[in-house]
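J.: Starting off with a structure, shown below.
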Amino acid sequence: MNHYETVFILNPVLSETQIEETVKKFEDFLIKNGAKMVSKENWGLKKLAYPIQHKKSGFYHLFEFTVDGSVITPYELEFIRDERIMRFLTVKLDKHAIAWAEKRRTKLKVNA
């Protein structure tokens, strides 16, 4: 089982319900394929550094999870097929990135 992190940007014209449905779709896909969710974060509406699909902002979400590497290709294919997703990035975390992510999560809990 490898440790991964995915950040994805949803189209800013979506309703709150559509956003929740989309996030749930990708979370369910991971769980159905044997992933263990470590963390989920909703970063909210953020301004983009440059326009994507003529949009200047988007809803950011982050998933941190552990799963077998063979699941990543079909997982990313689902992002490509979904028109509500503007961009996504999945990275495999090494031991240093895992430690940094844990530190960031505990810092968020303390500040909340």
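The values are calculated or read from the model by the stated rules, or taken from the named source; none is laboratory data. Nothing here was measured: the structure is a model prediction, and the numbers come from that model. In this analysis, Cβ positions are derived from the backbone assuming ideal geometry, glycine residues included, and neighbour counts consider all displayed protein chains. Remember, those area values only see protein heavy atoms, side chains included, never the ligands or the DNA or RNA. Shrake-Rupley method; radii C 1.70, N 1.55, O 1.52, S 1.80 Å.
J.: Among the residues of the stretch 32-50, what is the count of those that are over 22 Å from R104 (Cα atoms), touching a residue at least 24 places away in the same chain (Cβ under 8 Å) and not hydrophobic (A, V, I, L, M, F, W, C)?
T.: 2
J.: So, in the stretch 51-79, exactly how many residues are closer than 18 Å to E20 by Cα and either without any contact (Cβ under 8 Å) to a residue 24 or more places away in the chain or open to solvent by 20 Å² or more (accessible area, probe 1.4 Å) (or both)?
T.: Number satisfying all stated conditions: 4.
J.: Taking the residues in the stretch 1-11 that are of a type outside the set (D, E) and under 11 Å from the mean Cα position of the chain (by Cα) as candidates, determine which candidate is surrounded by the fewest Cβ atoms within 10 Å (Cβ to Cβ).
T.: Once the filter is applied, the top-ranked residue is V7.
J.: Which residues, counting only those in the stretch 31-46, are surrounded by 16 or more Cβ atoms within 10 Å (Cβ to Cβ) and touching a Lys or Arg at 6+ places or on another chain (Cβ under 9 Å)?
T.: Selection gives V38 alone.
J.: Could you go through the stretch 12-19 and let me know if any residue there is assigned to a loop (DSSP other than H, G, I, E, B) and open to solvent by 60 Å² or more (accessible area, probe 1.4 Å).
T.: Checking the stretch 12-19: at least one residue is assigned to a loop (DSSP other than H, G, I, E, B) and open to solvent by 60 Å² or more (accessible area, probe 1.4 Å).
J.: Give the residues of the stretch 80-107 that are open to solvent by less than 100 Å² (accessible area, probe 1.4 Å) and free of Cβ contacts under 8 Å to residues at least 60 places away in the same chain, sorted by residue number.
T.: Step one: of the stretch 80-107, the residues open to solvent by less than 100 Å² (accessible area, probe 1.4 Å) are 82, 84-86, 88, 90-91, 93-94, 97-99, 101-102, 104-106.
Once the filter is applied, which keeps residues that are open to solvent by less than 100 Å² (accessible area, probe 1.4 Å) and free of Cβ contacts under 8 Å to residues at least 60 places away in the same chain, the stretch 80-107 yields D94, A99, E102, R104, T106.
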